[in-house]
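Worksheet: the structure to be examined is printed underneath.
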Amino acid sequence: MLFRSIYDFGDQLLIVATDRISAFDYVLGSGIPDKGKVLTQISAFWFERTAALVPNHLISTRVADFSAAARAEAQTLAGRSMLVRRTEPLPIECVARGYLSGSGWKDYVAGGAVCGIALPRGLRESDRLPEPLFTPATKAQSGHDINISEDEAATLVDPSVLARARDLTLRLYAEGAAHAEACGIIVADTKFEFGLLPDDGRPAAERLILIDEILTPDSSRFWPRDTYAPGGPQPSFDKQFVRDYLEAIKWNKQPPVPSLPDEVVMKTREKYLEAYRRLTGRDLA
């Protein structure tokens with residue numbers, strides 16, 4: 001939770017998104033102005049849009065609905081905070097992949113499969129997959145999450161809960177990808193997180209709700225639709241300028257972590273804002 005501060009209010013939590021950014025597994029000294037607001041407000045947009053598919057943890061993004069102590073910090077919290085229901089998070093991330101990229105591409109090159117799911121031969125990097133895949137991953141405390149098979153995930157999560165999470169992951173991906181594509185954005189892959197509400201006598205699978213963030217530039221791989229060209233990496237809507245800069249200065253990806261020049265910071269900020277405007281049709285509040 002390096003990029004969010006979480007405050008405990010009993011059966012509710014206050015999640016505050018910061019402007020910090022990471023690259024190559026390190027948090028950089030330079031933040032991206034308004035990044036936390038973009039992530040919070042995109043998530044709120046999607047939580048509202050997908051509420052008919054699955055309940056979610058969001059209670060309110062209005063500071064006026066927060067506790068008196070939180071309201072005293074209204075200027076800091078406005079636009080970048082969510083009051084949410086407390087849940088017991090599943091110990092896995094639920095990843096949906098519609099295109100062959102990132103760690104999925106590396107797995108495919110190494111063995112022709114992604115998370116144990118065999119794929120046709122001859123696919124290129126960034127190709128659209130024959131159908132979206134559910135590929136769970138473990139949650140790493142630092143560094144990258146580790147892809148696992150669905151069978152391995154079933155040793156960590158009750159099978160009925162996992163089946164429900166799998167179904168919701170693919171339905172949410174289909175809904176999000178269709179809307180994003182109409183807005184000129186390809187969702188190559190994305191991760192969802194789910195949590196269990198307290199035991200009220202219902203089966204666990206019926207207490208599963210959507211938590212964390214949803215379909216943001218930080219939890220997804222967003223590509224511009226108009227420049228999509230399979231056969232290699234694609235430009236993205238998130239940290240591309242940051243990664244390109246760090247590669248260009250030949251940083252060894254070890255401390256000390258470099259700061260970013262203003263031009264890279266502003267270009268990255270604009271990419272986050274562009275993703276927000278395209279997806280929501282709104283200006284950032």
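Taking the criterion of being touching a Phe, Trp or Tyr at 6+ places or on another chain (Cβ under 8 Å), small (Gly, Ala, Ser) and in contact (Cβ under 8 Å) with a residue 40 or more places away in the chain, the only residue of the range 23-65 that qualifies is 36. For the range 46-57, a residue qualifies if it is in a helix (DSSP H, G or I) and not charged (D, E, K, R), and the qualifying residues are 46, 47. Could you please let me know if residue 43 is modelled with pLDDT under 95, open to solvent by less than 70 Å² (accessible area, probe 1.4 Å) and assigned to a helix (DSSP H, G or I)? Spelling it out, it is not the case that residue 43 is modelled with pLDDT under 95, open to solvent by less than 70 Å² (accessible area, probe 1.4 Å) and assigned to a helix (DSSP H, G or I).
You will find that of 131, 88, 73, the residue that is under 24 Å from residue 223 (Cα atoms) and either surrounded by fewer than 20 Cβ atoms within 10 Å (Cβ to Cβ) or acidic (Asp, Glu) (or both) is 131 and no other.
Just need a number here: residues in the range 208-243 that are assigned to a helix (DSSP H, G or I), more than 13 Å from residue 28 (Cβ to Cβ) and under 22 Å from the mean Cα position of the chain (by Cα). Residues meeting the conditions: 2.
Would you please name the residue that is farthest from residue 75 (Cα to Cα), looking only at residues in the range 7-33 that are hydroxyl-bearing (Ser, Thr, Tyr) and out of contact with any strand residue (DSSP E or B) (no Cβ under 6 Å at 6 or more places or on another chain)? Among those residues, the one meeting the criterion is 26.
If the condition is being among the aliphatic types (A, V, I, L, M) and part of a strand (DSSP E or B), then the range 1-40 contributes 6, 13, 14, 15, 16, 17, 23, 27. Taking the criterion of being open to solvent by 30 Å² or more (accessible area, probe 1.4 Å), out of contact with any Lys or Arg (no Cβ under 6 Å at 6 or more places or on another chain), farther than 17 Å from residue 150 by Cα and hydrophobic (A, V, I, L, M, F, W, C), the residues of the range 160-203 that qualify are 174, 178, 182. Looking only at the range 102-119, which residues are in a helix (DSSP H, G or I) and open to solvent by less than 30 Å² (accessible area, probe 1.4 Å)? Selection gives 102, 104, 108.
Scanning the range 91-101 for residues that are surrounded by 19 or more Cβ atoms within 10 Å (Cβ to Cβ) and not β-branched (Val, Ile, Thr) returns 93, 94, 96, 97, 98, 99, 100, 101.
Can you tell me which residue among 273, 246, 260 is part of a loop (DSSP other than H, G, I, E, B), closer than 18 Å to residue 20 by Cα, of a type outside the set (Asp, Glu) and open to solvent by less than 60 Å² (accessible area, probe 1.4 Å)? Just one listed residue meets the conditions, 260.
The values are calculated or read from the model by the stated rules, or taken from the named source; none is laboratory data. Computed from a predicted model, the values in this text were never measured in an experiment. All Cβ positions, glycine included, derive from the backbone under ideal geometry; neighbour counts span all protein chains shown. Note: accessible area is taken over every heavy atom of the protein model, side chains too, but ligands, DNA and RNA are not part of it. Shrake-Rupley method; radii C 1.70, N 1.55, O 1.52, S 1.80 Å.
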